[in-house]
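Novice: Mind looking over this structure? Questions follow.
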Amino acid sequence: MQDIVLIPGDGIGPEITSSVTKILRVAGAEINWIECKAGEGAFKETGTPIPQETLDLINKHRIVLKGPLTTPVGSGFKSVNVSLRQEFDLYSNIRPAKSLPNIDSPYRNVDMITFRENTQGLYIGKEQWIDQDEHAESIAVVTRNASRRIIKAAFEYAKSHDRKKVTLVHKANILKLTTGLFLEVGREVAKEYPEIEFQDLIVDNMAMQMVLNPQQFDIIVTTNLFGDILSDLASGLVGGLGVTGAANIGDDAAMFEAVHGSAPDIAGKSLANPTALLFSAMMMLDYLDQKNVMYRILSALYRVLQDQKYVCTPDIGGSGNTITYTEAICAALKY
Ligand code: NAI
Ligand code: MG
(Lines give C-alpha, C1' and ligand atoms only; values in the text may rest on other atoms or scores of the structure.)
(Ligands and ions follow the chains in the order given, each with its own letter.)
Protein backbone atom coordinates (compact mmCIF):
# COMPACT_ATOMS: atom_id res chain seq x y z
CA MET A 1 0.00 0.00 0.00
CA GLN A 2 1.26 3.44 -0.95
CA ASP A 3 0.46 6.37 1.37
CA ILE A 4 -0.88 9.34 -0.58
CA VAL A 5 -1.90 12.70 0.87
CA LEU A 6 -5.38 13.62 -0.38
CA ILE A 7 -6.49 17.25 -0.36
CA PRO A 8 -10.17 17.41 -1.41
CA GLY A 9 -9.98 21.22 -1.77
CA ASP A 10 -12.68 23.84 -2.35
CA GLY A 11 -15.77 24.23 -4.56
CA ILE A 12 -16.21 21.11 -6.68
CA GLY A 13 -13.04 19.59 -5.11
CA PRO A 14 -14.81 17.26 -2.63
CA GLU A 15 -17.20 15.96 -5.36
CA ILE A 16 -14.46 15.11 -7.86
CA THR A 17 -12.00 13.71 -5.30
CA SER A 18 -14.65 11.40 -3.92
CA SER A 19 -15.44 10.25 -7.49
CA VAL A 20 -11.78 9.64 -8.30
CA THR A 21 -10.88 7.82 -5.07
CA LYS A 22 -13.87 5.56 -5.64
CA ILE A 23 -12.79 4.72 -9.21
CA LEU A 24 -9.23 4.00 -8.05
CA ARG A 25 -10.50 1.74 -5.28
CA VAL A 26 -12.71 -0.24 -7.69
CA ALA A 27 -9.81 -0.47 -10.16
CA GLY A 28 -7.63 -2.04 -7.48
CA ALA A 29 -5.11 0.75 -6.86
CA GLU A 30 -2.95 0.01 -3.83
CA ILE A 31 -3.32 3.32 -2.10
CA ASN A 32 -3.84 4.39 1.48
CA TRP A 33 -5.34 7.90 1.41
CA ILE A 34 -4.31 10.38 4.11
CA GLU A 35 -6.86 13.17 3.89
CA CYS A 36 -5.98 16.71 4.93
CA LYS A 37 -7.05 20.32 4.55
CA ALA A 38 -5.89 23.24 2.43
CA GLY A 39 -7.38 26.22 0.61
CA GLU A 40 -10.22 28.58 1.39
CA GLY A 41 -12.03 26.02 3.53
CA ALA A 42 -8.93 25.51 5.66
CA PHE A 43 -8.45 29.30 5.87
CA LYS A 44 -11.97 29.81 7.23
CA GLU A 45 -11.58 26.95 9.70
CA THR A 46 -8.02 27.40 10.93
CA GLY A 47 -6.96 30.93 9.87
CA THR A 48 -4.37 29.62 7.44
CA PRO A 49 -4.89 28.29 3.90
CA ILE A 50 -2.23 25.65 4.45
CA PRO A 51 -2.16 24.32 8.03
CA GLN A 52 1.19 23.12 9.42
CA GLU A 53 -0.28 19.64 9.87
CA THR A 54 -0.90 19.42 6.10
CA LEU A 55 2.64 20.58 5.33
CA ASP A 56 4.06 18.02 7.78
CA LEU A 57 2.07 15.21 6.15
CA ILE A 58 3.18 16.20 2.65
CA ASN A 59 6.74 16.43 3.91
CA LYS A 60 6.48 12.91 5.28
CA HIS A 61 4.68 11.18 2.39
CA ARG A 62 5.92 13.28 -0.58
CA ILE A 63 3.03 12.44 -2.95
CA VAL A 64 -0.24 14.39 -3.12
CA LEU A 65 -3.50 14.16 -5.04
CA LYS A 66 -5.14 17.54 -4.81
CA GLY A 67 -8.55 18.95 -5.69
CA PRO A 68 -8.74 22.58 -6.84
CA LEU A 69 -8.30 25.34 -4.28
CA THR A 70 -9.97 28.74 -4.32
CA THR A 71 -7.55 31.69 -4.37
CA PRO A 72 -8.85 35.21 -3.68
CA VAL A 73 -8.24 37.56 -6.63
CA GLY A 74 -6.20 40.78 -6.19
CA SER A 75 -5.70 40.52 -2.42
CA GLY A 76 -5.84 38.01 0.43
CA PHE A 77 -3.64 34.97 0.93
CA LYS A 78 -1.06 33.85 -1.64
CA SER A 79 -2.08 30.94 -3.90
CA VAL A 80 -1.63 27.67 -1.99
CA ASN A 81 -0.97 25.93 -5.30
CA VAL A 82 1.96 28.22 -6.00
CA SER A 83 3.22 27.92 -2.38
CA LEU A 84 3.17 24.10 -2.50
CA ARG A 85 4.99 24.03 -5.83
CA GLN A 86 7.69 26.29 -4.38
CA GLU A 87 7.90 24.64 -0.93
CA PHE A 88 8.48 21.17 -2.40
CA ASP A 89 10.39 22.42 -5.45
CA LEU A 90 7.96 20.78 -7.88
CA TYR A 91 9.65 22.30 -10.88
CA SER A 92 7.99 20.37 -13.72
CA ASN A 93 4.36 21.08 -14.42
CA ILE A 94 3.31 18.46 -16.92
CA ARG A 95 0.02 18.85 -18.73
CA PRO A 96 -1.00 16.37 -21.44
CA ALA A 97 -3.74 17.31 -23.91
CA LYS A 98 -4.91 14.35 -25.96
CA SER A 99 -8.05 14.02 -28.07
CA LEU A 100 -10.63 11.73 -26.43
CA PRO A 101 -13.22 9.47 -28.02
CA ASN A 102 -16.61 11.05 -28.63
CA ILE A 103 -15.74 14.43 -27.13
CA ASP A 104 -17.09 17.27 -29.20
CA SER A 105 -14.20 19.31 -30.57
CA PRO A 106 -13.30 20.66 -34.01
CA TYR A 107 -9.88 19.06 -33.55
CA ARG A 108 -8.91 15.40 -33.94
CA ASN A 109 -5.69 13.55 -33.16
CA VAL A 110 -4.26 16.19 -30.86
CA ASP A 111 -1.60 14.70 -28.61
CA MET A 112 0.68 17.24 -26.98
CA ILE A 113 2.25 17.56 -23.54
CA THR A 114 3.24 20.91 -22.08
CA PHE A 115 6.20 21.06 -19.69
CA ARG A 116 5.83 24.31 -17.80
CA GLU A 117 8.61 25.68 -15.58
CA ASN A 118 6.87 25.82 -12.26
CA THR A 119 9.05 27.74 -9.80
CA GLN A 120 10.19 30.96 -11.44
CA GLY A 121 9.28 33.46 -14.13
CA LEU A 122 6.63 35.97 -13.10
CA TYR A 123 5.20 33.59 -10.49
CA ILE A 124 7.78 34.22 -7.77
CA GLY A 125 5.37 36.79 -6.34
CA LYS A 126 7.85 39.70 -6.26
CA GLU A 127 5.56 42.63 -6.87
CA GLN A 128 5.72 46.11 -5.43
CA TRP A 129 4.12 49.48 -5.53
CA ILE A 130 6.44 52.17 -6.93
CA ASP A 131 3.73 54.77 -6.35
CA GLN A 132 0.84 53.44 -4.26
CA ASP A 133 -2.28 52.76 -6.39
CA GLU A 134 -0.63 54.35 -9.46
CA HIS A 135 2.42 52.36 -10.46
CA ALA A 136 3.06 48.67 -9.76
CA GLU A 137 5.95 46.48 -10.82
CA SER A 138 6.51 42.76 -11.06
CA ILE A 139 9.81 40.91 -11.34
CA ALA A 140 10.41 37.80 -13.45
CA VAL A 141 13.28 35.48 -12.57
CA VAL A 142 14.88 32.97 -14.95
CA THR A 143 18.01 31.07 -13.96
CA ARG A 144 20.22 28.79 -16.00
CA ASN A 145 19.84 25.91 -13.53
CA ALA A 146 16.06 26.02 -13.29
CA SER A 147 15.77 26.35 -17.08
CA ARG A 148 18.08 23.43 -17.59
CA ARG A 149 16.21 21.04 -15.28
CA ILE A 150 12.77 21.67 -16.83
CA ILE A 151 14.13 21.48 -20.38
CA LYS A 152 16.01 18.29 -19.47
CA ALA A 153 12.79 16.86 -17.97
CA ALA A 154 10.99 17.54 -21.27
CA PHE A 155 13.71 15.87 -23.35
CA GLU A 156 14.02 12.93 -20.96
CA TYR A 157 10.27 12.38 -21.13
CA ALA A 158 10.39 12.56 -24.93
CA LYS A 159 13.19 10.00 -24.97
CA SER A 160 11.55 7.53 -22.57
CA HIS A 161 8.09 7.79 -24.19
CA ASP A 162 9.22 7.60 -27.79
CA ARG A 163 8.22 11.16 -28.58
CA LYS A 164 9.75 12.80 -31.63
CA LYS A 165 9.86 16.54 -31.17
CA VAL A 166 10.33 19.23 -28.51
CA THR A 167 9.10 22.79 -29.14
CA LEU A 168 10.52 25.49 -26.86
CA VAL A 169 8.30 28.56 -26.52
CA HIS A 170 9.73 31.99 -25.60
CA LYS A 171 9.54 35.72 -26.25
CA ALA A 172 13.25 36.29 -26.62
CA ASN A 173 12.74 39.02 -29.22
CA ILE A 174 11.37 41.29 -26.47
CA LEU A 175 12.32 39.70 -23.13
CA LYS A 176 15.87 39.20 -24.31
CA LEU A 177 17.49 38.44 -20.95
CA THR A 178 14.92 36.25 -19.19
CA THR A 179 13.34 34.23 -21.97
CA GLY A 180 16.51 34.73 -24.02
CA LEU A 181 18.40 32.74 -21.36
CA PHE A 182 15.72 30.04 -21.42
CA LEU A 183 16.11 29.74 -25.20
CA GLU A 184 19.91 29.65 -24.99
CA VAL A 185 19.78 26.79 -22.46
CA GLY A 186 17.22 24.99 -24.64
CA ARG A 187 19.57 25.10 -27.62
CA GLU A 188 22.37 23.67 -25.47
CA VAL A 189 20.26 20.84 -24.03
CA ALA A 190 18.86 19.97 -27.47
CA LYS A 191 22.39 19.12 -28.62
CA GLU A 192 22.45 16.30 -26.02
CA TYR A 193 19.45 14.68 -27.75
CA PRO A 194 20.27 14.59 -31.47
CA GLU A 195 17.58 11.94 -32.07
CA ILE A 196 14.81 14.35 -30.98
CA GLU A 197 13.78 17.19 -33.27
CA PHE A 198 14.07 20.60 -31.62
CA GLN A 199 12.20 23.72 -32.62
CA ASP A 200 11.70 27.11 -30.97
CA LEU A 201 8.74 29.41 -31.48
CA ILE A 202 7.79 32.86 -30.20
CA VAL A 203 4.79 32.62 -27.90
CA ASP A 204 2.30 34.67 -29.93
CA ASN A 205 3.04 32.68 -33.08
CA MET A 206 2.78 29.52 -30.99
CA ALA A 207 -0.73 30.46 -29.84
CA MET A 208 -1.83 30.90 -33.45
CA GLN A 209 -0.13 27.68 -34.63
CA MET A 210 -1.80 25.70 -31.85
CA VAL A 211 -5.20 26.82 -33.09
CA LEU A 212 -4.45 26.42 -36.82
CA ASN A 213 -2.58 23.12 -36.72
CA PRO A 214 -2.22 21.59 -33.24
CA GLN A 215 -1.28 18.15 -34.59
CA GLN A 216 2.22 19.46 -35.42
CA PHE A 217 3.09 19.67 -31.70
CA ASP A 218 4.38 16.87 -29.52
CA ILE A 219 6.29 18.03 -26.40
CA ILE A 220 6.23 21.74 -25.52
CA VAL A 221 8.56 23.31 -22.97
CA THR A 222 8.22 26.88 -21.76
CA THR A 223 8.45 29.37 -18.89
CA ASN A 224 5.85 29.64 -16.15
CA LEU A 225 3.32 32.21 -17.42
CA PHE A 226 3.42 31.10 -21.06
CA GLY A 227 2.99 27.50 -19.90
CA ASP A 228 0.01 28.43 -17.77
CA ILE A 229 -1.74 30.08 -20.70
CA LEU A 230 -0.75 27.66 -23.48
CA SER A 231 -1.64 24.55 -21.47
CA ASP A 232 -5.15 25.92 -20.93
CA LEU A 233 -5.31 26.62 -24.66
CA ALA A 234 -4.22 23.02 -25.28
CA SER A 235 -7.00 21.81 -22.94
CA GLY A 236 -9.47 23.76 -25.03
CA LEU A 237 -8.40 21.85 -28.14
CA VAL A 238 -9.39 18.50 -26.63
CA GLY A 239 -12.62 19.33 -24.82
CA GLY A 240 -11.77 21.81 -22.10
CA LEU A 241 -10.57 22.07 -18.55
CA GLY A 242 -12.90 19.31 -17.42
CA VAL A 243 -10.90 16.64 -19.27
CA THR A 244 -7.21 17.51 -18.78
CA GLY A 245 -5.01 16.45 -15.88
CA ALA A 246 -1.68 17.70 -14.61
CA ALA A 247 1.30 16.67 -12.55
CA ASN A 248 3.77 18.78 -10.60
CA ILE A 249 6.94 16.80 -10.22
CA GLY A 250 10.20 17.56 -8.43
CA ASP A 251 13.20 15.40 -7.66
CA ASP A 252 11.71 13.95 -4.46
CA ALA A 253 8.04 14.95 -4.30
CA ALA A 254 5.04 15.06 -6.63
CA MET A 255 1.60 16.61 -6.61
CA PHE A 256 -1.15 15.61 -9.02
CA GLU A 257 -4.04 17.98 -9.67
CA ALA A 258 -6.61 18.98 -12.26
CA VAL A 259 -5.86 21.97 -14.49
CA HIS A 260 -9.18 23.60 -13.73
CA GLY A 261 -10.11 25.61 -10.64
CA SER A 262 -12.74 25.15 -7.96
CA ALA A 263 -15.65 26.08 -10.29
CA PRO A 264 -17.74 27.84 -7.62
CA ASP A 265 -20.52 28.38 -10.20
CA ILE A 266 -21.34 24.66 -10.27
CA ALA A 267 -20.13 23.52 -6.82
CA GLY A 268 -22.47 21.23 -4.92
CA LYS A 269 -24.72 20.60 -7.94
CA SER A 270 -23.19 17.29 -9.04
CA LEU A 271 -22.31 18.89 -12.41
CA ALA A 272 -18.54 18.65 -11.95
CA ASN A 273 -16.69 16.53 -14.46
CA PRO A 274 -14.24 14.24 -12.62
CA THR A 275 -12.29 13.31 -15.80
CA ALA A 276 -9.54 15.91 -15.34
CA LEU A 277 -8.71 14.79 -11.83
CA LEU A 278 -9.02 11.19 -12.97
CA PHE A 279 -6.35 11.84 -15.61
CA SER A 280 -4.15 13.40 -12.91
CA ALA A 281 -4.70 10.30 -10.78
CA MET A 282 -3.71 8.14 -13.76
CA MET A 283 -0.49 10.15 -14.07
CA MET A 284 0.03 9.41 -10.38
CA LEU A 285 -0.48 5.68 -10.95
CA ASP A 286 2.11 5.87 -13.74
CA TYR A 287 4.50 7.63 -11.32
CA LEU A 288 3.83 4.96 -8.66
CA ASP A 289 4.45 2.27 -11.26
CA GLN A 290 0.89 0.93 -10.90
CA LYS A 291 0.60 1.00 -14.67
CA ASN A 292 -1.82 -1.92 -14.98
CA VAL A 293 -4.36 -0.11 -12.84
CA MET A 294 -3.82 3.01 -14.92
CA TYR A 295 -4.50 1.19 -18.20
CA ARG A 296 -7.63 -0.49 -16.77
CA ILE A 297 -9.05 2.90 -15.79
CA LEU A 298 -8.14 4.44 -19.15
CA SER A 299 -9.88 1.64 -21.00
CA ALA A 300 -13.00 1.84 -18.80
CA LEU A 301 -13.12 5.63 -19.29
CA TYR A 302 -12.80 5.31 -23.08
CA ARG A 303 -15.58 2.73 -23.18
CA VAL A 304 -17.94 4.94 -21.18
CA LEU A 305 -17.19 7.97 -23.38
CA GLN A 306 -17.69 5.90 -26.50
CA ASP A 307 -20.81 3.92 -25.59
CA GLN A 308 -22.53 5.70 -22.73
CA LYS A 309 -22.00 9.36 -23.39
CA TYR A 310 -25.44 10.14 -21.92
CA VAL A 311 -24.25 9.32 -18.37
CA CYS A 312 -21.47 11.93 -18.58
CA THR A 313 -21.59 15.47 -17.20
CA PRO A 314 -23.15 18.27 -19.32
CA ASP A 315 -19.84 20.08 -20.00
CA ILE A 316 -18.85 17.26 -22.38
CA GLY A 317 -22.31 16.81 -23.87
CA GLY A 318 -23.81 14.26 -21.51
CA SER A 319 -27.08 14.50 -19.66
CA GLY A 320 -25.90 12.78 -16.49
CA ASN A 321 -24.03 14.06 -13.47
CA THR A 322 -20.89 13.42 -11.42
CA ILE A 323 -22.44 10.35 -9.76
CA THR A 324 -23.87 8.63 -12.88
CA TYR A 325 -20.58 9.14 -14.71
CA THR A 326 -18.56 7.76 -11.81
CA GLU A 327 -20.86 4.75 -11.42
CA ALA A 328 -20.61 3.97 -15.14
CA ILE A 329 -16.79 3.98 -15.01
CA CYS A 330 -16.86 1.74 -11.92
CA ALA A 331 -19.27 -0.64 -13.70
CA ALA A 332 -17.04 -0.68 -16.81
CA LEU A 333 -14.09 -1.62 -14.61
CA LYS A 334 -15.89 -4.76 -13.48
CA TYR A 335 -16.24 -6.43 -16.87
P1 NAI B 1 -12.43 27.32 -13.03
O2 NAI B 1 -11.54 26.38 -13.70
O3 NAI B 1 -12.80 27.01 -11.62
O4 NAI B 1 -13.78 27.47 -13.87
C5 NAI B 1 -13.83 27.92 -15.22
C6 NAI B 1 -15.11 27.38 -15.90
O7 NAI B 1 -14.95 25.99 -16.17
C8 NAI B 1 -16.35 27.52 -15.03
O9 NAI B 1 -17.45 27.78 -15.86
C10 NAI B 1 -16.50 26.13 -14.42
O11 NAI B 1 -17.83 25.79 -14.10
C12 NAI B 1 -15.94 25.23 -15.52
N13 NAI B 1 -15.30 24.02 -14.95
C14 NAI B 1 -14.10 23.95 -14.32
N15 NAI B 1 -13.85 22.71 -13.92
C16 NAI B 1 -14.89 21.95 -14.32
C17 NAI B 1 -15.21 20.57 -14.18
N18 NAI B 1 -14.40 19.70 -13.57
N19 NAI B 1 -16.39 20.14 -14.68
C20 NAI B 1 -17.21 20.98 -15.31
N21 NAI B 1 -16.97 22.29 -15.47
C22 NAI B 1 -15.82 22.78 -14.98
O23 NAI B 1 -11.73 28.75 -13.12
P24 NAI B 1 -12.08 30.11 -12.38
O25 NAI B 1 -13.57 30.30 -12.32
O26 NAI B 1 -11.26 31.12 -13.07
O27 NAI B 1 -11.51 29.97 -10.93
C28 NAI B 1 -12.28 29.61 -9.77
C29 NAI B 1 -11.34 29.47 -8.58
O30 NAI B 1 -10.44 28.36 -8.77
C31 NAI B 1 -10.45 30.69 -8.32
O32 NAI B 1 -10.43 30.91 -6.92
C33 NAI B 1 -9.10 30.26 -8.82
O34 NAI B 1 -8.05 30.90 -8.14
C35 NAI B 1 -9.10 28.78 -8.50
N36 NAI B 1 -8.17 27.99 -9.35
C37 NAI B 1 -7.52 26.95 -8.74
C38 NAI B 1 -6.70 26.12 -9.46
C39 NAI B 1 -6.06 24.99 -8.76
O40 NAI B 1 -6.34 24.70 -7.61
N41 NAI B 1 -5.15 24.28 -9.40
C42 NAI B 1 -6.47 26.33 -10.90
C43 NAI B 1 -7.24 27.42 -11.46
C44 NAI B 1 -8.05 28.22 -10.70
MG1 MG C 1 -3.79 28.08 -14.79
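Novice: Tell me the mean residue ellipticity at 222 nm calculated for the chain from its helices only (DSSP H runs of n ≥ 4, each -39500 (n - 2.57), averaged over every residue, nearest 500). List each step's numbers first, then the result.
Specialist: Working: 11 runs with 138 residues, N = 335.
Calculated from helices alone, the mean residue ellipticity at 222 nm is -13000 deg cm²/dmol.
Novice: Can you tell me which lysines have their Cα less than 22 Å from the Cα of residue 171? Leave out same-chain residues fewer than eight positions away.
Specialist: 126, 152, 191
Novice: Among 288, 24, 225, which one shows the biggest mean-square fluctuation in a GNM of the chain, springs joining Cα atoms closer than 10 Å?
Specialist: 288
Novice: Based on the Cβ-Cβ distance of residue 145 and residue 211, what FRET efficiency does E = 1/(1 + (r/R0)^6) give at R0 = 25 Å, to the nearest 0.05?
Specialist: 0.15
Novice: Just the Kirkwood number for region 149-200, please: inverse of mean 1/r across all distinct Cα pairs, in Å, one decimal.
Specialist: Answer for region 149-200: a Kirkwood hydrodynamic radius of 11.2 Å.
Novice: For region 233-328, give the magnitude of the charge dipole about the Cα centre (Cβ charges: +1 Lys/Arg, -1 Asp/Glu; no others), in debye to the nearest 20.
Specialist: Values: 5 positive and 9 negative charges, 76 e Å.
Approximately 360 debye in magnitude.
Novice: Please figure out what share of the DSSP beta bridges in the chain is antiparallel and state it in percent, rounded to the nearest 5. Don't skip to the answer; put the middle values down first.
Specialist: Working: 20 of 46 bridges.
Within the chain, antiparallel bridges account for around 45 percent of the total.
Novice: Continuing with the same structure: Rolling a 1.4 Å sphere over the protein heavy atoms, what is the accessible area per residue of the chain, to the nearest Å²?
Specialist: 45
Novice: Could you work out what % of the accessible surface of the chain is carbon and sulfur, using a 1.4 angstrom probe and leaving DNA, RNA and ligands out of the count? Kindly include the intermediate steps, with their values, before the conclusion.
Specialist: Values: 7870 of 14960 Å².
Of all accessible area on the chain, carbon and sulfur atoms account for 53 percent.
Novice: What is the pair-distance distribution P(r) of the chain, computed from all Cα-Cα distances in 10 Å bins starting at 0, with each bin given as a whole percent?
Specialist: 6, 25, 34, 25, 9, 1, 0
Novice: For region 168-256, what is the convex hull (Cα atoms) projected area averaged across all directions, in square nanometres?
Specialist: Working: hull surface 27.6 nm².
Directional mean of the projected Cα hull area for region 168-256 stands at 6.9 nm².
Novice: Return the distance in nm (one decimal) between the two label points of a simple spin-label model at residue 34 and residue 192, each offset 7 Å from Cα along Cα→Cβ.
Specialist: Distance between label points: 3.3 nm.
Novice: Which one of 59, 31, 42 is farthest out on the positive end of the charge dipole of region 1-136, using unit charges on Cβ (Lys, Arg +1; Asp, Glu -1) and the Cα centre as origin?
Specialist: Going by the charge dipole, the pick is 31.
Novice: For region 1-139, what's the radius of gyration and Dmax over Cα atoms, in angstrom?
Specialist: 18.1, 58
Novice: Relative contact order for the chain using alpha-carbon pairs under 8 Å, separation at least 6, rounded to a whole percent?
Specialist: Details: 685 pairs, mean separation 75.3, N = 335.
Over the chain, the number comes to 22 percent.
Novice: Picking from 216, 128, 308, which is most flexible by a Gaussian network model of the chain using Cα springs under 10 Å?
Specialist: 128
Novice: Please report the relative contact order for region 36-127, taking Cα pairs under 8 Å with a sequence separation of at least 6, and give it as a percent rounded to a whole number. Don't skip to the answer; put the middle values down first.
Specialist: On the way: 83 pairs, mean separation 18.9, N = 92.
Relative contact order of region 36-127: 21 percent.
The values are calculated or read from the model by the stated rules, or taken from the named source; none is laboratory data. From a predicted model like this one, the values you see are computed outputs, not experimental measurements. All Cβ positions, glycine included, derive from the backbone under ideal geometry; neighbour counts span all protein chains shown. Surface accessibility is based on the protein's heavy atoms, side chains included, excluding ligands, DNA and RNA. Shrake-Rupley method; radii C 1.70, N 1.55, O 1.52, S 1.80 Å.
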